[in-house]
1. Which distance in nm do the two modelled labels at residue A:467 and residue B:5 give, with both placed 7 Å along the Cα-to-Cβ direction?
2. What's the extension gain from residue A:90 to residue A:192 if we count 0.36 nm per residue and subtract their Cα-Cα distance?
3. FRET efficiency for residue B:191 and residue A:382, Cβ-Cβ distance as r, R0 = 51 Å, nearest 0.05?
4. Take B:104, A:272 and order them by how many other Cβ atoms sit within 10 Å, fewest up front.
5. Quote the FRET efficiency, to the nearest 0.05, computed for residue A:42 versus residue A:352 with a Förster distance R0 of 41 Å and r equal to the Cβ-Cβ distance.
6. Give me the distance between the Cα centres of the range B:95-161 and the range B:32-58, rounded to whole Å.
7. Only sites in a loop by DSSP and with at most 13 other Cβ atoms within 10 Å count here; which GluC sites (Glu not before Pro) in the range B:11-84 make the cut?
8. Mind checking the mean number of beta-carbon atoms from other chains within 10 Å of the Cβ atoms in B:92-100?
Amino acid sequence: MFVTYLVRELRRRMRQAIFVAAGLALGIGLVITVIAASTGVSNSQGAVLHSLYGVGTDVTVTQAPAAGSDRPPSFGFGGGATGQAGSAFSRNVLRAPGLGTLTSSSVTTISGLTDVSAASGSLSLTDLSLSGTIPSGSQPSGSQQGGFGGGASGSISSSSFTVTGIDPAGDALGPLSSATITSGHGITTAESTDNVAVVDSNYAASQNLKVGSTITVAGTTFTVVGIAQAAQSTNTSDVYIPLARAQSLAAMPNEVNTIYVSAASSADITTVSKEISASLPKATVTTSSDLASQVTGSLSSASSLANSLGKWLAVAVMAAAFFIASILTISAVSRRVREFGTLKAMGWRSRRIIRQIMGEALVIGIVGGIAGVALGYGGAALIQSLAPPLTASTGATTNGAAAGGPGHFGAGGGGGGLGRAAGASHTVSVHLNAPVTLGAVGLAVVLAILGGLIAGSFGGWRAVRLRPAAALARVE
Amino acid sequence: MYKLTAVTKDYPKGRRTVHALRGIDLAIEDGDWLAIQGPTGHGKSTLLQILGALDRSTTGTVEFRGQDLGSLRENQLTHVRATSIGFIFQTFNLIPTLSAQENVEAALVPLDVADAERRDRAAQGLAEVGLADRARHLPSELSGGQQQRVAIARALVKKPAVLLADEPTGNLDEGTRDEIMTLLASLWEERGLTLVIVTHDTSVARRAQQTGVMKDGRLRLRLNARDATA
């Protein structure tokens, strides 16, 4: 009887039922679409951030350079025999530009924190080479700040490339984690003290390097064992070598300048961040959400659109749908006063009548929910097919350590940008996917049931207040 | 069956209080047929609602089969209505979306009768009022007389002790009215029902054993020289 009565009643007021279900469907469809868009934007942001900062990295730890610590490179042109005008020279040094350093023991400290699943240190360096003839009339001194002025151009050639020392044991985190080894292999733990290098594919192409080639880092010859291709146009280093070798060549034993940390779970990131700050008070701790806030460009705009306008639009439509459903249910109950009065006169309990009303409202809600899920899938597909490629730019403040200090290097027409590793701004183009997640569908089901229950409750409340005598008196 | 003592019913109406019933004393025995007449607004329907446990008296006591209805909780009153009281209304009050059969079955829903038995009893009830062949019809597909027959079947399917009818022929033409009254009379006789009918129609009232006339909330009873064929 319950089902028969319910179906017949809904059939009787089919237009109204369709109207209410359509309202709920619209709201639920919008919610799903907004969630899908938001998830897509979030995934895109994640992809951008991972490509820029490494897959699996939840927190990065750096340290701002101490004032005056970032001294310009000394090439040893002191007033000795090598400094005579007209004499040829060649120098190759490895420097850590614009970044403060942390001790390797900090990595151990962080690894030991409760909510940390892994930590890995790296040392970002720049290999600088200068060669040429010391110009006449110039008396450069290695003890002075700055470099060669424009007047020295033409007699000196320079080159530079970025080198990152990575911990082979922790390569699941850190600079190479988002890259793909396209040729050869990555640096293994067995090679942690060998002169082996993995070279970025772009740099390899420009320098005509391949697996088995050799490169010179700080005057030491390294064998290329792998070519790495970064996931996207990102903040890559040109050359990766074992951390121990980098520390040794840069004369920075037991020093790193970035620690990549993975939290035990995403819920622990804030805790991990606080724990690290407590353990290393001078360090700059940056979480993935901090990094996300640095992302700008149309991806960021899409994120704002999805998270603010989309969210509130969905909430407003849902609220309106709930309101209309409730009003129409109350109105339907009001029109059925005589019917419910008769049922009460026949001995139907109020709760049986409420169950009937709730059942009708729930069915409308569920139909609306199903239609809403379909609409949501449609909306998500539409966004996916129509959305233009989004661009994302990240600011120049990688890991909070700004390039700067006195290390400007303006060797004539040459160009060694010391701040590249830390200071470059990167733009990445990503396609927006709008995945409909099970969670979103689950939310839709909950909203549909909620919509039905809210509308049904109002209707039921109206019916319970109905005194049978009063209801029947209206008939007279 | 019923014993009403000094029953009053007051309604607030704006700032005024309407005294719908003013000290009704009434005894209705099992198997009695009472007709209640009187002008509109003088308390006929109010009295019927109190007899039907649809409303409570303001003062006085209403005993139904030895139970003081005034002392019962709402769900107990609902149970009394479900098991012992059948109603017939002027406008039939059938559920428009349910067929004749389902309307009759609806009266058995509160009694939690099993599906098969419910269907059988409803079909039998419809057959008793001569509508076996209309069981699947919706109320809108039935004439006024047929709808009232369905309503009678619905009221009687649970085998109530008392049948309360509020203007049962008020919406029917003369021929159908007589048909319905003949049906009610035969059911009353066959089943030993207690029957209370509120009516404006003197020819309907004349069929009852006694008639009560309501005026200004007061009831005056008189015995009828019963005209069973009228």
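1. 2.5
2. On the way: separation 102, 0.36 × 102 = 36.72 nm, distance 2.88 nm.
Stretched fully, the residue A:90-residue A:192 segment lengthens by 33.8 nm.
3. On the way: r = 68 Å, r/R0 = 1.33.
My answer for the efficiency is 0.15.
4. Numbers: B:104 31, A:272 25.
Ranked by crowding around the Cβ, least crowded first: A:272, B:104.
5. Details: r = 47 Å, r/R0 = 1.14.
My answer for the efficiency is 0.30.
6. Value for the Cα centre distance between the two parts: 25 Å.
7. Details: sites: B:29, B:63, B:74; in loops: B:29.
Counting only loop positions with at most 13 other Cβ atoms within 10 Å, the GluC sites (Glu not before Pro) in the range B:11-84 are B:29.
8. Values: counts 2, 10, 2, 10, 5, 11, 6, 2, 0.
Taking all residues of B:92-100 together, the mean is 5.
Computed from the coordinates by the stated procedures, all read-outs in this text should not be read as laboratory data. Predicted model only: the values in this text are computed from it and were never measured. Methodologically, a virtual Cβ is constructed for each residue, glycine included, from the backbone with ideal geometry; neighbour enumeration extends over all protein chains shown.
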